[in-house]
Structures are given as structure tokens and as C-alpha cells.
Amino acid sequence: MKTFRHFAIPLFPLVALVLSACSTVESRIAKNPAVFNALPEKQKDLVRDEKIAEGLSRDAVVLAWGRPDEVETGTQRGKKMETWTWLATYEAPDPNFYGAAWFASPYWGYYPMYRPATRIHTYPIRESIFENGRVVAWRSRVH
């Protein structure tokens, strides 16, 4: 039992960190009730359904979709623009690399085992473009 405790105690903060990173629209609304209550009823319905529309504020978009993974700023026709992007990842085999891993056998000890390596790929799933703090364009990938 002592061995388990040595491994489990350092894992508790890691598990808590991972679980706290997960947010839902309900948890975001609960953390920011003043922002949510200030929205018109039509926008509240959009936020509850995790949808956005042109004209929404940055705060309303954060309530609906969460904090973005990337933020880019720039100008277009002399106006300041801001693009928010939300990303997703997937793991796929890398055909150009085979990685080595050590395999433990009760009979032969440790020996190298070669297996296909994988890479993590990132792609955008949502994007929102703001002008003067309001959504002017957005897109969402259909799964």
C-alpha cells in the first residue's frame, strides 16, 4: 500500500488540473452570471446552445465556446480585427518513423520492441473574427 501512496499523491494535483481545464457552457455561465444576465434573450439562447452569431461580444463568445486556443490581431481596410481560433487534436501513425520501446518479459528480461510511432496533429474546429469587439464572421467545423 505504501508503494501506491508514493505514486498516487503526486498524481492528485495532475488529475485536479486536468479536470479543472474541462469547462462546459453551464460552468462558464455559472462563473460569469453578470455577463450572461446582461445579454438579450436571443443571445442567451445562442449561448446556452453553444452557438454564436454576428454581433455577439467577446464575452458572449467566451461563454458559448470557451477561451480560444489562439488569438491573432491585424487590420483590414484600416479597421482593427481580431481572430480567435479553437483547436482540436488527433493522433495518427507517422509512416516515416518507427520508435523503439523496451518490453519487459518475465522470461527474457528487457528487450527492444519496435513499433510504429505516432504524431499529434492539430487542426482548427472553430474560428471567430471580431471588429470593434463584436463578431463580424465565424465558422465552425461540422463533425
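The number of residues in the stretch 71-90 being in contact with a strand residue (DSSP E or B) (Cβ under 7 Å, 6 or more places away or on another chain) and without any contact (Cβ under 8 Å) to a residue 24 or more places away in the chain comes to 5. Against the numbered list (1) on the phi > 0 side of the Ramachandran plot; (2) at pLDDT below 95, G66 comes up short only at (2). Annotation note: Cβ proximity below 6 Å between a residue of the stretch 33-57 that is touching a residue at least 12 places away in the same chain (Cβ under 8 Å) and a residue that is among the acidic types (D, E) and assigned to a helix (DSSP H, G or I) (sequence gap 6+ or interchain) occurs for V35/D59. Scanning for something touching an Asp or Glu at 6+ places or on another chain (Cβ under 8 Å) and crowded, with 17+ Cβ neighbours inside 10 Å, does the stretch 37-56 turn up at least one residue? Checking the stretch 37-56: not a single residue is touching an Asp or Glu at 6+ places or on another chain (Cβ under 8 Å) and crowded, with 17+ Cβ neighbours inside 10 Å.
Only one residue in L63, L87, L39 is of a type outside the set (F, W, Y), assigned to a loop (DSSP other than H, G, I, E, B) and over 16 Å from A137 (Cα atoms), so which one is that? Show your work before the answer.
Values: L63 fails: assigned to a loop (DSSP other than H, G, I, E, B); L87 fails: assigned to a loop (DSSP other than H, G, I, E, B).
Only one candidate passes the filter, namely L39.
Taken together, A8, A21, A53 contain a single residue that is at pLDDT 95 or above and among the small types (G, A, S), which is A53.
The values are calculated or read from the model by the stated rules, or taken from the named source; none is laboratory data. Being a predicted model, the structure only gives us computed values, none of them experimental. Using ideal geometry, Cβ is built from the backbone for each residue, glycine included, and neighbour counts are taken over all protein chains shown.
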